[in-house]
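In what follows, a structure is listed as structure tokens, so that the remarks can point back to it.
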Amino acid sequence: MSEPAETVGFLVAGEPSPEQRAALEWCEAAGVDVETISLAAVAGDGVRLAEYDVLWWHRAEPADDAVAEDASAALEAFLADGGGLLLSLRALEAVPALGIDPVGPDTAGTEEGTTGLLVKSLRADRPVFEGLEGLRVPTASPEGEQPFARYEGILPRRGAVLASTLRADGERPHETALLGWRIGNGDVAGLGTGVRFDGPLSGDAAHNRDRLLRNLLAVLGGEGRLLEHDPGGTPALSADRKRLADDHHRPRYHVSPPGNWLNDPNGMIKWNGTYHAFYQYNPGGPHHGTIHWGHAVSDDLVTWEDRPIALTPSPDGPDRDGCWSGCAVDVDGTPQILYTGGRDDVQLPCLATATDDELTGWEKSSENPVIKSVPVEPPLRSSDHWRAEFRDHNVWLEDGIWHHLIGSGIEDGGGTALLYTSEDDDFTDWTYEGPILSGEAETDGVIWECPELLDLGEKRLLHVSNYEAVRYYLGDYAGGSLEVERTGLLDHGAFYAPQSLRDDDGRWLTWGWIKPDRSPEAQWDAGWSGTLSLPREIDLDEAGRLRQRPAAELTALREERGYDGSPALADERRDLPLDSRSFELRAEIRLDDADECGLVVCGSPDGEEETLLRYTRESDLVVDRSASTTDHRASSEPISMPVTPVDESLSLRLFVDGSVLEVFANDRHCLTTRIFPTRPDSDGIALYAADGRAVFEDLEVWTLGSAWPGVGAESERESERPVGPEN
Ligand code: FRU
């Protein structure tokens, strides 16, 4: 490697410490042109900072805020002119005092066991990681006490995470290691852990540490930019979405996160003719933690666009540890959000008001939390995390009174949905009414998350997410209590924490979170996790049973009809003449005298990878994932659901989208699951019938387009086989 070109000013407050002396020796050995500068001199304007390309503050002891504050004006001017600043180890703590970010690291000290960096895959192509192999980069020796500073339970307001921490005993996605800021024309890097000079280091770790440091100094010295975009804004989100476009596991027509982590749909609302989908989002990485609200919009339920992050935890607020799930309601022409704020072991409802018609700005209420404590009757369940489990919000207006449901669980009992009411439009004065329904711990689960009560005309539908599944209760609601007539599951697979909006035509449209179903390591490597389901229309059929159908608008996604016919098969398997992982299939399936029939999707030509949808005489529809992938990090459990008795035909609608599989059976039963085929040619579709004859009446297969215009990977691998029916 060539000698570094930049001139480095090494900042010290007083005499250099042993760790600082070791870092200076490293500079000398690495050929870095370095000079020691006293921060006091910087503060006193006694140094011409313009002579340096990079300033580096490396400090093993707690940062000295007063020193940092005194030097901040000079450093700010240096950054404004395009200078670069590296803050390593506990110098990262000085970020607020230096005026770089209002939010500083929430944890600092010394520890053992850090071995290096866990690089974010979305950032792995940044020049700062050049020459480093893979996402798990050893840079440190786990022995001995190591100083560190990092963001763990919170994130910087203006910075972005580039890497997290690797420890001797595993990966720590939520322990940030390397952060970046764009300040003025300059860049700031914070390397809070995983780098040390005063101690033994050998082999790969020594090589990687050297390479990382040289890269950092070069990038900050002007050879590149640490980040591609200002974090949090739409260009940064769109860039992430584009970067992931080639990942064949990414859904193309679902509402997915631009990158990083997504869980529950939140604040689903149609406002001024636009559908707004907010969702639980962690900008820090593809893992649950530091929860913000992401935001996407659509005019037609078919194509979607990213909007900037809508809600961010306030470091001084009751939502410091996360803006958890909630809803949006139109209150006299102004949308309001009620969401759960978490801080330490307390979770309580918080309020925010839209400040613009695009619903991009939200002002949090100074009254937060708007309910100050949890009810005492019934006594609520606590957990390791929460003094009382008390979260998620569903608000509606009935008889001129605001009704507000919150999910919880009863101590030593089952899950419960607690009702509050208010006659006030300002949403800060709520009266506790008690549970509208509580379940049995064994059958209904111990906690009910995300309760939602929908008015389906004849009946009311309460659905709750009980950690395992989404259970529904259909019945009559009166006097603050639900009389249950029927119960069941909204979905038999990875669909969770759904939320609905009422469209102008009165339809209920419901979205759920589709869980990842693969290991945390696989999610980290992919750089994203979780997606929303397709919107479902939920209503009652003529017999008063719950009906669930994909929203009618989704037919607009159809591109080409790759098959149209009514094939009958006897003891055979037949390939369909198209290859796709982004399609809709519909058919009326009859078993006739076959024991079993079904579909093969996402199959490789040699059958190494394939997913079976098996329809059996036992009236079960089973998604057999035993051969879906050769990647052992993805779940291979079969998922099944009971369907109509076999003497009736099975009306099937199947949506496949990258790694997502959504099945609608008889407009009623739903099964959502994930599959992660590894091979690019695992995109075959076939039918089969075993031990007899089966008919696939009115079988149609449509390839579907993208919900994200301009994102790339627009069209699927072209089919080379002729398209058309083959009966
Ligand atoms: C459901 C849930 C909610 C909570 C949110 C946190 O998946 O656990 O109860 O508000 O996710 O992200």
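The values are calculated or read from the model by the stated rules, or taken from the named source; none is laboratory data. Computed from a predicted structure; not experimentally measured. We place every Cβ from the backbone using ideal geometry, glycine too, and count neighbours over all the protein chains shown.
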Filter segment 320-372 for residues that are of a type in the set (Gly, Ala, Ser) and more than 14 Å from the ligand (Cβ to nearest atom); the one that is surrounded by the most Cβ atoms within 10 Å (Cβ to Cβ) is 328
With the first residue restricted to segment 386-410 and required to be over 15 Å from residue 480 (Cβ atoms), and the second required to be aromatic (Phe, Trp, Tyr), Cβ contacts under 6 Å at 6 or more apart or on different chains are 391/324; 407/448; 408/390
Which numbered condition residue 527 fails, given (1) within 16 Å of the ligand (Cβ to nearest atom); (2) surrounded by 18 or more Cβ atoms within 10 Å (Cβ to Cβ): (1)
Looking only at segment 373-406, count how many residues are more than 20 Å from residue 350 (Cα to Cα), within 16 Å of the ligand (Cβ to nearest atom) and not small (Gly, Ala, Ser). 2
Hey, residue 716 hits all of (1) at pLDDT below 95; (2) at positive phi but one; which does it fall short on? (2)
Considering only residues that are under 26 Å from the mean Cα position of the chain (by Cα) and charged (D, E, K, R), which ones fall in segment 354-379? 356, 357, 358, 363, 364
Starting from residues that are hydrophobic (A, V, I, L, M, F, W, C) and within 16 Å of the ligand (Cβ to nearest atom), keep the ones in segment 414-452 and report whichever is surrounded by the most Cβ atoms within 10 Å (Cβ to Cβ). 448
Can you name the residue in segment 456-468 that is crowded, with 18+ Cβ neighbours inside 10 Å and without any contact (Cβ under 8 Å) to a residue 60 or more places away in the chain and, of all such residues, is farthest from residue 275 (Cα to Cα)? 466
Taking interchain pairs and intrachain pairs at least six residues apart, which have beta carbon atoms under 7 angstrom, with the first residue in segment 688-701 and closer than 15 Å to residue 587 by Cβ and the second buried (at least 21 other Cβ atoms within 10 Å of the Cβ) and modelled with pLDDT under 95? 694/591
Could you check segment 14-29 and list, in sequence order, the residues that are in a loop (DSSP other than H, G, I, E, B) and either modelled with pLDDT of 95 or more or among the acidic types (Asp, Glu) (or both)? 15, 16, 17
Determine if segment 135-157 includes at least one residue that is surrounded by fewer than 22 Cβ atoms within 10 Å (Cβ to Cβ) and under 23 Å from residue 244 (Cα atoms). yes
Filter segment 657-670 down to the residues that are buried (at least 24 other Cβ atoms within 10 Å of the Cβ) and among the hydrophobic types (A, V, I, L, M, F, W, C) and list them by number. 660, 661, 663, 670
Any residue at all in segment 510-521 that's buried (at least 22 other Cβ atoms within 10 Å of the Cβ), away from the ligand (no atom under 16 Å from the Cβ) and at pLDDT 95 or above? yes
Going by what's in this entry, would residue 308 be described as more than 15 Å from the ligand (Cβ to nearest atom), at pLDDT below 95 and surrounded by fewer than 24 Cβ atoms within 10 Å (Cβ to Cβ)? no
For residues in segment 668-715 being of a type in the set (Lys, Arg) and part of a strand (DSSP E or B), which is nearest to residue 654 (Cα to Cα)? 674
Restricting attention to segment 526-541, the residues that are touching a Phe, Trp or Tyr at 6+ places or on another chain (Cβ under 9 Å) and part of a strand (DSSP E or B) number exactly 8
Can you find even one residue in segment 581-594 that is among the polar types (S, T, N, Q), more than 24 Å from residue 681 (Cβ to Cβ), at pLDDT 95 or above and not in a loop (DSSP other than H, G, I, E, B)? no
Would you please name the residue that is surrounded by the most Cβ atoms within 10 Å (Cβ to Cβ), looking only at residues in segment 254-295 that are within 10 Å of the ligand (Cβ to nearest atom) and among the polar types (S, T, N, Q)? 266
Just to verify a result, which residue in segment 480-499, among those that are assigned to a strand (DSSP E or B) and within 15 Å of the ligand (Cβ to nearest atom), is surrounded by the most Cβ atoms within 10 Å (Cβ to Cβ)? 499
For segment 1-56, the count of residues that are exposed (fewer than 13 other Cβ atoms within 10 Å of the Cβ), closer than 20 Å to residue 187 by Cα and within 41 Å of the chain's Cα centre (by Cα) equals 0
Is there a residue in segment 204-220 that is in a strand (DSSP E or B), modelled with pLDDT of 95 or more and either of a type in the set (A, V, I, L, M) or out of contact with any Pro (no Cβ under 8 Å at 6 or more places or on another chain) (or both)? no
Every residue from segment 116-170 that is in a strand (DSSP E or B) and on the phi > 0 side of the Ramachandran plot: 116, 170
Could you tell me whether segment 542-557 includes any residue that is within 16 Å of the ligand (Cβ to nearest atom) and in a strand (DSSP E or B)? no
Look at segment 194-212 and say how many of its residues are more than 31 Å from the chain's Cα centre (by Cα) and aliphatic (A, V, I, L, M). 3
Sole exception among (1) modelled with pLDDT of 95 or more; (2) under 15 Å from residue 146 (Cα atoms) for residue 62, by number: (1)
